[in-house]
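Take a look at the structure below.
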Amino acid sequence: MGNQFAGDIKRRTFLGQGAAGLGLVALNSLLSPRLFGAPQAGGGKSKGVVNPLDFAPRAKRVIYLYQAGGPSHLETFDYKPKLAEMTGKPMPESFTKGQQIAQLQGQKLICLGPTHGFRRFGQSGQMICELFPRIGSLIDQTCIVRSMWTEQINHDPAHTFMNSGSILTGRPCMGSWILYGLGAETEDLPGFVVLVSQGKGGQMQPIAARQWSAGILPSKFQGVRFNSVGDPVLYIENPPGVSQDMQLDSIRAVNALNTLEDRSVHDPEIQTRIAQYEMAFKMQASVPGLLDMSNEPANVLEMYGARPGDGSFAANCLLARRLAERGVRFIQLYHRDWDHHNDVKGNIVFKAEEVDQATAALITDLKQRGMLDETLVIWGGEFGRTPMSQGGSGRDHHIKGFSFMLAGGGIKKGLAYGATDDLGYAAVENPVSIHDLHATMLHLLGIDAEKLTVKYQGLDVRLIGPEGGSVVRDILA
Amino acid sequence: LNFDAPTREECTVNRSLSNTPLQALDLLNDPIYVEAARVFAQNAIAHGGTTFETRMDWIFDQALNRQPGAEERSILRGLYDGNLKRFAANPSGARQFLSEGEAPFPRDWNPAELAAMATITRAVLNLHELITRN
């Protein structure tokens, strides 16, 4: 029935445009008045809608080492001797009264001191948990933010808030915003790649694909997840008997037919489909080289502790560097199983083994290749964990204070920024919200977070939400 | 998962709709799709009349519930002719292509013609119109 409607907009498409499709119109005109505005000072060109850039960029790309499940700040970057003294004693009510609590509701709140020792690292002499000696050895090159806080106390909404700046699903996540704002540096790989690994904890907590969705932005800005185990990209080879030029002929024919379809139904998804078929063909050429680790020297593999293709965080860190080298804009590595409701002491040992060496190797490797100055590396989870014990040995979800590590492009080195109170409960000195983190990240990439907006349902939707966020200038180099 | 099926690790009220190069690779190169396209082509030759045009009509009717337009016919004709030439020059390549999957192909048919027709059905099975309901 397609033909008799040729030239018309299908009812369903038209209605769809009320929600998503109008985005196309908006894309072309409304949403980017900046495209037509006078060039601003300082910027530089980009291939996205933020052109020229709002500021001179300090970083070209982001590698986001997302520690999913909620890493304990009290067993990583936030040393709390006072809490150690309080172990076994009731948590003072002055801290917890009226505060939100996840699973410890209605229970007696007892302090649990750091379950592992801390020691000083580097010239800056920062106290870091001794389970993380390799990250500790790089402490003079990184910035630890000890005063993060978030709004959401359960995993999924906290991930959604971290990624998209909103607790409502359907908003674009940060990688999509960045790709939308800056465009891609690479023509033959997706500009936003997601890798997922899990640890020995075996919790297997879900990370929904919504976390790298483009939401209300065109779907070509969504993250593309590579497999961690086995073939990272499936079906990268042509069928047997089909040569590259035959494959290209087929893809050209599919795209030509889809173009005809688009001419009659005007569905913006068709343009994305056409672009993705082109990308698929380019990836057939680029991905084998990306994944061929045979040219990685043994000492590099050893530095990461990686066996390529084993699905580990270490293997993904190495792959992340290779993606970064090839110009991928936003690389997000999820490492799961940080949800230590029980036995935080034992479980954190596994995590340290899995991430300490690989995280340090990635930073070192980027530095050796001269890429660290243009790559923003972010390490952190969706929230932290309670200074109160859960069941005697674990820690519950905690939103009032936790830690992040930042390194690379435009980040001040050897700095510990902000602080929680004596018991590691709430960020009291220089608190940093998730939107502040977003604003800072965009700023380093040359984008003014206030201005990167998309019209949707009558609102100017932006990553930093209606309430906004501030660039944390004190942590900028 | 490539096509937005929820993992069932948690409930999903609304599936996110994605549109990725991984989907394209799957539909183009996954052996099961290649096999499906080839058997579709066998059926088109068996049931779609005797000319290229009637077989096009049959393929579009089966896959898209409509008839192809003139421009569509011309695009697919070009694809068919090009592939027919290449497969005719490379019969072992044609047989490799036809051997993908488990369903047998008729050994007494001209392999180049069947392979070229399977290229057409493979293209049709990759159309946006076919793979999305929206």
| said: Counting protein heavy atoms only and a 1.4 angstrom probe, how many square angstrom of accessible surface do chains A and B bury in total, to the nearest 100? | reply: 4000
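Compute for segment B:37-129: radius of gyration divided by Kirkwood radius, i.e. Rg/Rh, restricted to C-alpha atoms, rounded to two decimals.
Dividing the radius of gyration by the Kirkwood radius yields 0.95.
Considering only DSSP beta bridges whose two residues both sit in the protein assembly as shown, what percent are antiparallel, to the nearest 5?
Details: 27 of 52 bridges.
Roughly 50 percent of the DSSP beta bridges within the protein assembly as shown come out antiparallel.
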| said: Give me the 1.4 Å probe accessible area per residue for segment A:411-477, excluding ligands and nucleic acids, in Å². | reply: 39
| If the cut-off is a Cα-Cα distance under 13 Å, which aspartates and glutamates reach A:Lys45, setting aside same-chain residues fewer than 8 apart in sequence? | A:Asp54, A:Glu185
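Expressed as a whole percentage, what fraction of the accessible surface of chain B belongs to carbon and sulfur atoms when a 1.4 Å probe is rolled over the protein heavy atoms? Could the numbers behind the result be given before it?
Working: 3330 of 6580 Å².
Here carbon and sulfur together make up 51 percent of the probe-accessible area.
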| Which residues of segment A:197-240 end up with at least 50 Å² less accessible area in the presence of all protein chains than when their chain stands alone, using a 1.4 Å probe? | A:Pro206, A:Gln222, A:Tyr235, A:Pro239, A:Pro240
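For chain A, what's the relative contact order in percent, using C-alpha pairs closer than 8 Å and at least 6 residues apart? Mind dumping the intermediate values first?
Numbers: 1019 pairs, mean separation 134.8, N = 477.
For chain A, the relative contact order is 28 percent.
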| If you line up the long axis of helix B:70-89 against the longest principal axis of chain B, both from Cα atoms, how many degrees apart are they, to the nearest 10? | 60
| said: Could you order the peptides A:64-76, A:244-256 from most to least packed, using the average number of other C-beta atoms within 10 Å per residue? | reply: A:64-76, A:244-256
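Please calculate how many Å² of accessible area segment A:42-86 carries per residue, with a 1.4 Å probe and no DNA, RNA or ligand atoms counted.
Working: 1520 Å² over 45 residues.
On a per-residue basis, 34 Å².
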| request: Beyond 24 Å between alpha-carbons counts as too far, so tell me which of A:Lys367/A:Lys413; A:Lys80/A:Lys351; A:Lys412/A:Lys455; A:Lys200/A:Lys413; A:Lys80/A:Lys345; A:Lys80/A:Lys400 fall in that bin. | output: A:Lys412/A:Lys455; A:Lys200/A:Lys413
| remark: Here the alpha-carbon Rg of segment A:305-422 over 2.2 N^0.38 Å rounds to 1.18
| When you count, for each residue, the other Cβ atoms within 10 Å and take the mean per peptide, how do A:319-327, A:93-101 rank with the highest first? | A:319-327, A:93-101
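Place the peptides B:87-93, A:232-238 in order of packing, highest mean first, counting for every residue the other Cβ atoms within 10 Å and averaging per peptide.
Working: B:87-93: 16.1, A:232-238: 18.4.
Ranked from most to least packed, the peptides come out as A:232-238, B:87-93.
So, with +1 on the Cβ of K and R and -1 on the Cβ of D and E, and no other charges, what is the size of the charge dipole of chain A about its Cα centre, to the nearest 20 debye?
My answer is approximately 580 debye.
For segment A:386-477, what number results from the quotient of the Cα radius of gyration and 2.2 N^0.38 Å? Walk me through the numbers before you get to the answer.
Values: Rg = 16.2 Å, N = 92, 2.2 N^0.38 = 12.3 Å.
With N residues counted in segment A:386-477, Rg over 2.2 N^0.38 Å equals 1.32.
What is the dipole size for segment A:85-204, taken about its Cα centre, with +1 at each Lys and Arg Cβ and -1 at each Asp and Glu Cβ, in debye to the nearest 20? All intermediate terms of the calculation are to be shown ahead of the outcome.
Numbers: 9 positive and 9 negative charges, 124 e Å.
The dipole of segment A:85-204 has a size of about 600 debye.
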| Where does chain B land at 222 nm, in deg cm²/dmol rounded to the nearest 500, when only DSSP H runs of n ≥ 4 count, each adding -39500 (n - 2.57), divided by all residues? | -20500 deg cm²/dmol
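How large a share of the accessible area of chain A, in percent, is made up of carbon and sulfur atoms when the probe is 1.4 Å and the other protein chains stay in place? It would help to have the intermediate numbers written out before the result.
Working: 9480 of 18270 Å².
Looking at chain A in its full context, I get 52 percent from C and S.
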| task | Order A:Lys82, A:Lys282, most accessible first, counting only protein heavy atoms with a 1.4 angstrom probe. | result | A:Lys82, A:Lys282
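Quote the charge dipole size of segment B:1-109 about the Cα centre in Debye, to the nearest 20; the model charges only the Cβ of Lys and Arg (+1) and of Asp and Glu (-1). All intermediate terms of the calculation are to be shown ahead of the outcome.
Numbers: 11 positive and 15 negative charges, 79 e Å.
Once rounded to the nearest 20, the dipole reads 380 debye.
Longest span of chain B, sites excluded, free of GluC sites (Glu not before Pro) in DSSP loop with at most 14 other C-beta atoms within 10 Å? Don't skip to the answer; put the middle values down first.
Numbers: sites that count: B:Glu9, B:Glu10, B:Glu102.
The answer is B:11-101.
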| query | Reported to two decimal places, what Rg/Rh ratio describes the protein assembly as shown when computed on Cα atoms with Rh from the Kirkwood expression? | reply | 1.03
| said: Probe of 1.4 angstrom, ligands and nucleic acids ignored: what's the accessible area per residue over segment A:103-258, in square angstrom? | reply: 36
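The values are calculated or read from the model by the stated rules, or taken from the named source; none is laboratory data. Fair warning: this is a prediction, and the values are worked out from it, not measured in the lab. Please note: Cβ atoms are built from the backbone with ideal geometry, for glycine as well, and neighbour counts cover all protein chains shown. Quick note on the areas: whole protein, heavy atoms, side chains included, nothing else; ligands and nucleic acids left out. Shrake-Rupley method; radii C 1.70, N 1.55, O 1.52, S 1.80 Å.
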